[in-house]
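Everything below concerns the one structure shown next.
The values are calculated or read from the model by the stated rules, or taken from the named source; none is laboratory data. Because the structure is predicted, anything quoted here is derived from the model rather than measured. FYI the Cβ positions are ideal-geometry reconstructions off the backbone, even for glycines, and counts take in every protein chain you see.
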Amino acid sequence: MKLPEIIRGKVYVLGDNVDTDQIIPAQYLTFNPSIPEEYRQFGKYALIGVPASQGGLPKGHIPFHEAGDEFVSPYTIIVAGKNFGCGSSREHAPIALDAAGIKAVIAEFYARIFFRNAVNGGYLIPFETPARLIEKVCTGDVLRIELATSTMVNETTGEQFLLRSLGEVAPIIETGGLFPYAEKAGMFSPPSH
Amino acid sequence: MAGMTLTEKILAKHAQRARVAPGDNIWVDIDVLMTHDVCGPGTIGVFHKQFGKNAKVWDRDKVVIIPDHYIFTADAMANRNVDVLRAFVKEQGLPHFYDVGTDRYKGVCHIALAEEGHTRPGELLLGTDSHTCNAGAFGEFATGIGNTDAGFVMGTGKLWLKTPPTMRFVFHGELPPWLMAKDMILSVIGDIGCDGATYKAMEFDGQGVFGLNMEERMTLCNMVIEAGGKNGVIAPDQVTLDYVNARNKSGKKYEVTQSDGDATFEFEKVYDLSQLKPVVAKPHSPDNKAFVDELVGTRLDRAYIGSCTGGKMTDFRAAARVLNGHTVKVDTFIVPATTEIAKNLKTETLDGKSLEQVFLNAGAKIGEASCAACLGGPGDTFGRLNAALRCISTTNRNFPGRMGHKEAEVFLASPLTVAASALNGSITDPREYFA
């Protein structure tokens, strides 16, 4: 993942404690993410476990996918509440969001294994927000995240919010994940081809 | 200089440092890496992609592969994933593989790790499953990781970890016969919330903990992830050593350690077991705590006793004690965590009947050792909630859709509470059976 300066797109809003069973239910874990065609399948089932009333807040009942593309969602940013990604260690969760086209999640905080997987696998950028944004952002709003200043602008409303800096995981995110980071740190040598 | 907690001491040793403090990012050496059929194929994919198709794992003896999730299913993709594990084991010559359809097949990885002697005090165990924290019961550092991390460990034997601060939970007194470790951990999760220990270590201490057998200690540590915990840990005592020494086939040496007297705990909570009542977690979160006596009479469609946290001999002994001589009013599913437990259900007796016979006489259905419906799985999984049913279960999670159907409601409770509730078809206080 090459780190962009700006991430811009439509936002899909979710609530608190969105667990990995909601992000990608267990029956879809039979796909092997190492196989590109199967990786793509995860996009189709991303967020399929979210109860309808909780999908696309504040109104709810907004599907994550639109007719015409069953794999990639029209939304590229997720805003969620507390403890996003709690539950299982399945890396299929950030993979499903990545396969569906999500570039960044903004949550109050994350369950640690989801956070590690998102960062170490380089699937998406997990931003944290000091303010509770799920009541300030509506599904469908267009957001712009500026990485250099850790700010998020809601272009639909004009409001601007400061996100937490990526802190100590920034070097891993910037290099693209655990392997390139470890290579830089001298902990990993890729095979010579 | 203040002392270190048990978790800090284990991490410091594996980082070859004299000490570590909460927040320190360290590279640690891994003693055991475990993976299974759901995350193994992805992990193997990462390993081959990054280290090359002819790469070898860092230490064959430290990689343990335990298919357990989607085993007794006709799902072709699920079966294909076990084949991916088989091919990798063959290619790498891995000795610790518990293959489906052989005498070596075990069932749920966390209990299999313990039974087969892969858990030892002082060690550092990582697994591609969030309930890997189960092994903290043996006084080791154990936590769940994803495919990328596991692929990295496979090739290097190392991983970076952030040292967590430790929270301590002290249980005074003795557990009365109507309460189990499940009531203790559901109390803790309810009290601190399902994010109350995020990124943190949870150490369990006190007479009430050291009075538990190893299976019950595993039940405590298994569910720290339900509070967001990074690892759960219990200092080893003679009970630990007796279990470990009886099963440590490799004879590998290990180091027993405990928290220093002047270690810093970020948080401490003290419980008096004489004041505790049977607990349930209501739908749809493990921290949605209520006491059983507040919910008595809530109608149920199904009862489920199984999984790493609720399908061990101690769980089945407890359930059998309640079910013995009675008939269940709702569909009741019994799933032993491992094949060893399944065998013991046939040989251990109560009033002259095997526990298996007690369950069958009561009208329960018994499935084969695996994760089964704890996490839903493919549609033909034994006990899966394929409709919007209301189930009481000894498993560890009740998020929407966890056991199958998105609108199903799952109540988490001890095997005693689940068994008593199965007999009435509604939530029932197990104390009724201890008059």
Of all residues in region B:366-395, how many are β-branched (Val, Ile, Thr) and in contact with an Asp or Glu (Cβ under 7 Å, 6 or more places away or on another chain)? 2
Look through region A:80-103, keep the residues that are among the charged types (D, E, K, R) and more than 8 Å from chain B (Cβ to nearest Cβ), and return whichever of them is nearest to A:Glu37 (Cα to Cα). A:Asp98
From the set of residues in region B:161-200 that are among the charged types (D, E, K, R) and more than 22 Å from A:Ser88 (Cα to Cα), which is surrounded by the most Cβ atoms within 10 Å (Cβ to Cβ)? B:Arg168
Go through (1) part of a loop (DSSP other than H, G, I, E, B); (2) more than 14 Å from chain A (Cβ to nearest Cβ); (3) among the polar types (S, T, N, Q) one by one and return the number of the condition B:Ser421 breaks. (1)
Tell me whether region B:314-323 contains one or more residues that are farther than 20 Å from B:Arg217 by Cα and among the hydroxyl-bearing types (Ser, Thr, Tyr). no
Could you tell me whether B:Thr43 is surrounded by 24 or more Cβ atoms within 10 Å (Cβ to Cβ), among the polar types (S, T, N, Q), at pLDDT 95 or above and out of contact with any Phe, Trp or Tyr (no Cβ under 7 Å at 6 or more places or on another chain)? yes
Out of everything in region B:201-241 that is of a type in the set (S, T, N, Q) and touching a strand residue (DSSP E or B) at 6+ places or on another chain (Cβ under 8 Å), what residue ends up being surrounded by the fewest Cβ atoms within 10 Å (Cβ to Cβ)? B:Gln207
Take B:Phe434 and tell me if it is outside the structural domain of B:Ala76 (by TED's automatic domain parsing), over 30 Å from B:Ala74 (Cβ atoms) and among the aromatic types (Phe, Trp, Tyr). yes
Within region B:415-435, can you find the residues that are of a type in the set (A, V, I, L, M, F, W, C) and either touching a residue at least 12 places away in the same chain (Cβ under 8 Å) or touching a strand residue (DSSP E or B) at 6+ places or on another chain (Cβ under 6 Å) (or both)? B:Leu416, B:Val418, B:Ala419, B:Ala420, B:Ala422, B:Leu423, B:Ile427, B:Phe434
Looking at B:Glu203, is it touching an Asp or Glu at 6+ places or on another chain (Cβ under 9 Å) and closer than 23 Å to A:Gly87 by Cβ? no
Within region B:54-102, restricting attention to residues that are surrounded by fewer than 22 Cβ atoms within 10 Å (Cβ to Cβ) and of a type in the set (Asp, Glu), which residue is farthest from the other protein chains (Cβ to nearest Cβ)? B:Asp61
Look at B:Glu116 and say whether it is among the charged types (D, E, K, R), more than 14 Å from every other protein chain (Cβ to nearest Cβ) and touching a residue at least 60 places away in the same chain (Cβ under 8 Å). yes
Name the one entry in A:Ile106, A:Ile77 that is farther than 18 Å from A:Pro33 by Cα, more than 10 Å from chain B (Cβ to nearest Cβ) and touching a residue at least 60 places away in the same chain (Cβ under 8 Å). A:Ile77
Filter region A:120-147 for residues that are of a type outside the set (Gly, Ala, Ser) and exposed (fewer than 15 other Cβ atoms within 10 Å of the Cβ); which is nearest to the other protein chains (Cβ to nearest Cβ)? A:Arg132
Could you please find all residues in region A:148-193 being in a strand (DSSP E or B), of a type in the set (Val, Ile, Thr) and either at the interface with another protein chain (Cβ under 9 Å from one of its Cβ atoms) or within 16 Å of the chain's Cα centre (by Cα) (or both)? none
Run down B:Asp103, B:Asp83 and say which single residue is closer than 22 Å to A:Gln27 by Cα, out of contact with any strand residue (DSSP E or B) (no Cβ under 6 Å at 6 or more places or on another chain) and not in a strand (DSSP E or B). B:Asp83
Is it true that some residue in region B:154-175 is within 13 Å of chain A (Cβ to nearest Cβ), part of a loop (DSSP other than H, G, I, E, B) and polar (S, T, N, Q)? yes
Those strands (runs of 3 or more DSSP E) lying entirely in region B:287-393 with at least 2 residues away from chain A (no Cβ under 14 Å) and crowded, with 24+ Cβ neighbours inside 10 Å: B:302-306, B:331-335, B:390-393
If B:Leu33 passes every condition in (1) under 19 Å from B:Phe141 (Cα atoms); (2) out of contact with any Leu (no Cβ under 7 Å at 6 or more places or on another chain); (3) crowded, with 24+ Cβ neighbours inside 10 Å but one, which one does it miss? (2)
Scope region B:394-418; condition part of a helix (DSSP H, G or I) and either within 14 Å of chain A (Cβ to nearest Cβ) or in contact with a Phe, Trp or Tyr (Cβ under 8 Å, 6 or more places away or on another chain) (or both); matching residues: B:Pro415, B:Leu416, B:Val418
Mind checking which residues of region B:424-435 are in a loop (DSSP other than H, G, I, E, B) and either at pLDDT 95 or above or closer than 13 Å to B:Val280 by Cα (or both)? B:Gly425, B:Ile427, B:Thr428, B:Asp429
Residue in region A:136-173 that is farthest from B:Asn147 (Cα to Cα), counting only those that are among the charged types (D, E, K, R) and modelled with pLDDT of 95 or more: A:Glu159
When residues of region A:1-60 are filtered for being among the aliphatic types (A, V, I, L, M), facing chain B (nearest Cβ under 10 Å), in contact (Cβ under 8 Å) with a residue 12 or more places away in the chain and out of contact with any helix residue (DSSP H, G or I) (no Cβ under 7 Å at 6 or more places or on another chain), how many remain? 2
With the checklist (1) more than 18 Å from the chain's Cα centre (by Cα); (2) among the hydroxyl-bearing types (Ser, Thr, Tyr); (3) away from every other protein chain (no Cβ under 14 Å) in hand, flag the one item B:Ser187 doesn't pass. (1)
